[in-house]
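The values are calculated or read from the model by the stated rules, or taken from the named source; none is laboratory data. Note that the structure is predicted; figures quoted are calculated from it, not measured. No Cβ is skipped: glycine too gets one built from the backbone with ideal geometry, and neighbour counts run over all protein chains shown. Heavy atoms of the whole protein, side chains included, go into the accessibility calculation; ligands, DNA and RNA do not. Shrake-Rupley method; radii C 1.70, N 1.55, O 1.52, S 1.80 Å.
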Amino acid sequence: MKKQIKIGDHLISETSPTFIVAEMSGNHNMDFDRAVDIMKAAKQAGADAIKIQTYTADTITLDCDAPCFQITQGTLWDGITLHKLYETAYTPWEWQPKLKKLAREMGLILFSSPFDFSSVDFLEEMDVPAYKVASFEITDIPLIRKIARLGKPVILATGIARLADIELAVQTCREEGNEQVILLKCCSAYPTPYEDVNLRTIPSMAQTFDCLAGLSDHTMGSAVAAGAVALGARMVEKHMTLRRSDGGPDAAFSMEPQEFKEMVDNIRIVEKALGRVTYDLSDKQVREREHSRSLFVAKDMKAGDVFTPDNLRSVRPADGLHTKYYEQLLGKKITRDTKMGTPMTWDLAGE
């Protein structure tokens with residue numbers, strides 16, 4: 001049975017257009033009007049949805065300076081604590097119902113990534129149409145279980161997940177009777193080196209877990225996203241900002257609006273080009289076959305002259321006999337006087 005998942009008014013399936021999501025994350029830089037402008041730009045660039053994140057510094061981590069709370073993994077944010085990072089990156093909760101209403105008026109779907117039970121409850125009051133589980137939360141089984149019980153689509157990013165982690169997360173959703181799972185291939189490096197993406201995992205993931213799969217992409221540019229669609233990604237998520245030069249915790253690896261539009265356009269081109277498996281020719285291709293190769297008399301010949309490589313050639317166009325008869329005709333005698341440029345026919349071939 002083919003998988004179909006509906007998020008808002010958008011159907012996601014193996015044959016539907018790719019669901020394209022603009023991730024706002026912390027690119028609003030704590031300015032509500034800027035958040036609205038990002039949503040407007042996302043809509044104009046062709047996004048189907050805008051994704052936000054629902055947490056505060058206190059709901060996602062502890063305000064602690066101990067070594068394990070320091071960021072030291074070679075990221076853009078090294079040198080500060082987790083709590084201090086999230087204080088600058090979170091989306092104020094009082095904005096979120098307003099953003100959802102504005103998104104709906106723009107024709108965008110808005111959903112979010114919750115990071116604890118309280119944020120799930122908050123988003124459920126907002127009646128978001130789907131939940132995204134961020135890469136670093138895929139090991140939070142109680143959180144996934146609470147989300148799955150709501151019966152809405154669950155989008156799982158797999159950036160830091162081992163195979164067993166993905167299996168447990170998907171199993172948890174299914175234990176709660178929720179089959180509406182989308183797995184996103186993801187690499188939690190910001191930005192992601194191209195050689196670390198491993199797009200071939202996308203079709204494997206879809207087959208292994210019998211679900212729809214997509215890409216949460218942190219590489220620079222749009223080539224990886226278009227390639228993912230060619231390999232079967234049914235959802236693509238990319239961070240978006242107005243201008244990288246404006247700064248912010250995610251700015252360095254986020255797309256600007258024109259870049260996002262180019263990605264959307266390229267994805268839509270790839271979708272058209274993928275087509276279907278067929279060996280039939282279009283009417284245009286049938287006409288183009290008129291200029292393919294065939295056998296022609298290549299020099300003036302007298303009746304009785306012998307066909308040789310010099311006077312019988314495979315050339316364009318396709319008016320003569322098929323080239324597969326070339327060797328068979330060599331050594332035979334022509335039956336009548338014939339001008340150079342005459343298409344080869346069987347009645348010209350004698351013994």
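Given a 1.4 angstrom probe, I'd like the percentage of the accessible area of the stretch 1-153 that is carbon and sulfur, rounded to a whole number.
53 percent
Pull up the cross-link candidates among the aspartates and glutamates for residue 84, meaning alpha carbon to alpha carbon under 15 Å and not fewer than 8 places away within one chain.
Candidates past the 8-residue exclusion: 58, 63, 65, 250.
Which trypsin sites (Lys or Arg not before Pro) in the stretch 1-47 sit in a loop by DSSP (not H, G, I, E or B) and have at most 15 other Cβ atoms within 10 Å of their own Cβ?
In loop regions of the stretch 1-47 (DSSP not H, G, I, E or B), the sparsely surrounded trypsin sites (Lys or Arg not before Pro) are 2.
Specify the angular offset, from 0 to 90 degrees and rounded to the nearest 10, of the alpha carbon long axis of helix 117-126 from the longest principal axis of the alpha carbons in the chain.
70 degrees
What whole-number value in Å² describes the accessible area per residue of the chain for a 1.4 Å probe? Don't skip to the end; give the middle numbers.
On the way: 17500 Å² over 351 residues.
Normalised by residue count, the accessible surface of the chain is 50 Å².
Whole angstrom only: what separates the Cα centroid of the stretch 188-214 from the Cα centroid of the stretch 45-101?
Measuring centre to centre over Cα atoms gives 24 Å.
Per DSSP H run of n ≥ 4, the term is -39500 (n - 2.57); total these for the chain, divide by its residue number, and report the mean residue ellipticity at 222 nm rounded to 500 deg cm²/dmol.
Using -39500 (n - 2.57) per qualifying helix, the result is -9000 deg cm²/dmol.
Report ³J(HN,Hα) in whole Hz for each residue of the stretch 269-275, in order, from the Karplus equation J = 6.51 cos²θ - 1.76 cosθ + 1.60 where θ = phi - 60°; Gly and Pro get x.
5, 4, 4, 5, 5, 4, x
Using only the alpha-carbon atoms, how far is helix 96-106 inclined from the longest principal axis of the chain? Give it as 0 to 90 degrees, nearest 10.
The helix 96-106 is inclined about 30 degrees to the chain.
Between (i) 40, 39, 16; (ii) 61, 21, 19; (iii) 31, 23, 19, which matches semi-axes √(5λ) of the Cα gyration tensor in Å calculated for the structure shown?
(ii)
If a/c stays under 1.5 just call it rounded; otherwise compare a/b with b/c (prolate if a/b is bigger, oblate if not). Do that for the stretch 195-279, with a ≥ b ≥ c from the square roots of the Cα gyration tensor eigenvalues.
oblate
Could you sort out which of 3/146; 98/132; 6/100; 132/261; 146/185 sit more than 21 Å apart by Cα distance in this structure?
Beyond 21 Å: 3/146; 132/261; 146/185.
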